[in-house]
Every structure is written in C-alpha cells, then in structure tokens.
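To keep things clear, I will list the structure first and then write my remarks on it.
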Amino acid sequence: MLHIKLFLMGTVFDTGTEGIFMHIAIMYYLHYTLVITVVQGWLALAQDPVLSQTFAEAFSPVRVRPSLNNPVQSLCIGEQCKEIKTSKILKYYGRLFNTQEEINGKLRDWDKLHRQKYAKSFISAVCRLQSFKSIKICRKLRRKSDSDMCCPTIRYFHKNSTLVNTNNELKVLVQLTNIDKYQFIPHGQCISTGACSGQFGRCETEIITIPLLVVDFQSSLYCTFDMFDIPAYCSCKSI
C-alpha cells in the first residue's frame with residue numbers, strides 16, 4: 001500500500017492512499033473556516049468606530065522617517081493647538097533651522113578655528129597656574145573651551161520644544177520635527193576658573209537675551225518672535 005506524508009497544521013501524518021482524500025478535505029475545510037473568520041472580523045471592525053480607530057492607530061506609519069511628504073504638523077500647549085505649514089516656515093525663516101549634522105559641523109569649524117588661533121598660547125599660560133597642574137584638565141580645556149585666559153567657556157546647543165520667555169511665560173518653540181530641522185539654542189558654561197581665581201575674582205555665567213521663533217496661539221499668524229534669556233559665556237567678576 002502506498003504511504004504519503006502530509007503536513008497538517010504543523011503535524012506530520014503518515015497515511016495510505018485510502019485516507020488521502022479525507023485529509024485533503026480537512027485541509028480545505030480549515031482554510032475555508034479561516035477565510036470566513038477573517039472576513040467576519042473585518043466586517044465587525046468596519047462597523048465599530050472605536051475598534052476601527054484603534055486598529056488604524058496601531059497600524060498607522062507613525063515611525064516613518066520625517067520628510068516634506070508630511071507638510072503640516074500640529075504644535076500644542078495644553079488644549080491649544082495650531083497647525084504649522086513647513087513650507088511657509090522654510091520660505092520665510094529657513095535659515096533659522098538646522099539639522100543636527102549641520103550644527104555639529106558648525107561646532108567643529110568653530111572649535112578648529114579657536115584651537116588653531118589660541119589654544120597653544122592659552123595652554124602654555126593657563127597650565128602653569130597652580131590650579132591647573134593636572135594634565136587631564138589642561139587637555140580638556142584645549143579640546144572643549146574657547147581658550148579664554150580668564151574664564152574658559154564651553155559651547156553647546158539645545159533644541160528645546162518649550163522655553164520660558166523674559167516675561168516668565170511658557171512658550172512653544174517652532175521646531176520642524178517632521179523634517180529633522182530645529183532652532184538650536186546656543187549655550188555657554190564655565191568649566192574652570194582660569195586666571196580669574198583667588199581672593200579678588202571668580203568666574204560666573206553671563207546671560208544674554210535672544211529672539212526665537214514661537215507659535216502664536218493668539219492670532220491668525222503662524223508664529224512670532226519672542227525674547228529669551230540664555231546662559232551664553234563665562235566672565236570674570238570681582239568679589
């Protein structure tokens with residue numbers, strides 16, 4: 001008698017020719033039942049708005065790479081929301097926005113320029129100070145700081161989504177997250193006392209005021225400029 005191996009629902013059956021038609025019939029029946037179940041599920045999904053919305057959210061392409069194919073984004077604070085058209089922002093304010101790669105390039109260029117102009121003389125002078133005998137600290141100053149003799153400063157950037165303005169009001173910054181471009185906010189921080197040390201001086205962070213583009217929830221305009229206080233650089237102060 002001829003024996004044939006059949007794969008049915010992950011299980012191997014060894015059957016003779018007299019039972020092969022029965023197993024084929026079972027396979028077709030299971031296939032038919034599966035199709036009917038899927039169709040019924042889709043019909044129920046279409047008739048139930050809650051299930052339909054949940055399904056759409058679960059399978060929506062929310063993790064696609066941002067691009068200009070998403071020309072509008074909604075920016076909100078609390079219950080206030082406003083739709084921002086990327087194309088208009090780029091048309092009128094495009095130079096305010098940079099990608100992370102562009103900002104990193106600008107920082108590298110700035111650091112390279114300062115190291116070439118000032119780092120050698122700066123290190124030779126500052127590292128002779130009693131407070132900078134550590135080679136590790138000297139190397140950090142050379143790599144990271146602006147080579148200021150009195151109070152060296154390091155520069156870095158933030159890309160805040162919100163920020164408190166000079167009137168102590170929380171504002172939503174315009175950030176083009178749908179195309180990975182941002183208003184990068186420059187910051188400065190003291191990393192040492194430099195030559196400004198001892199009983200007559202100390203290094204403190206100075207604040208500057210800069211304009212940033214924010215969402216305008218109060219008018220028909222997309223956005224407006226507001227003023228913000230930012231820590232900018234390190235300065236030697238008498239004590």
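We did not get these values from a lab; they are worked out from the coordinates using the rules stated. Since we're looking at a predicted model, the values are computed, not measured. For neighbour counting, all protein chains shown are included, and Cβ atoms are generated from backbone atoms with ideal geometry for every residue, glycine included.
Brief remarks on what is shown
- Distance violations [Cα-Cα > 31 Å] among 88/112; 91/171; 112/181: 88/112
- When each of 95, 202, 108 is scored by the number of other beta-carbon atoms lying within 10 Å, the sequence from fewest to most is 95, 108, 202.
- Distances between placed amide hydrogens fall under 5 Å for residue 234 paired with 206, all partners being 5 or more residues away or on another chain.
- Computed from backbone phi with θ = phi - 60° and the Karplus coefficients 6.51, -1.76 and 1.60, the 3J(HN,Hα) list for the range 202-211 is 8, 8, 9, 7, 8, 9, 10, 10, 10, x Hz; x is used for glycine and proline.
- Karplus (6.51, -1.76, 1.60) ³J(HN,Hα), θ = phi - 60°, over the range 155-165, in Hz, Gly and Pro reported as x: 10, 7, 10, 10, 10, 4, 8, 9, 7, 8, 7
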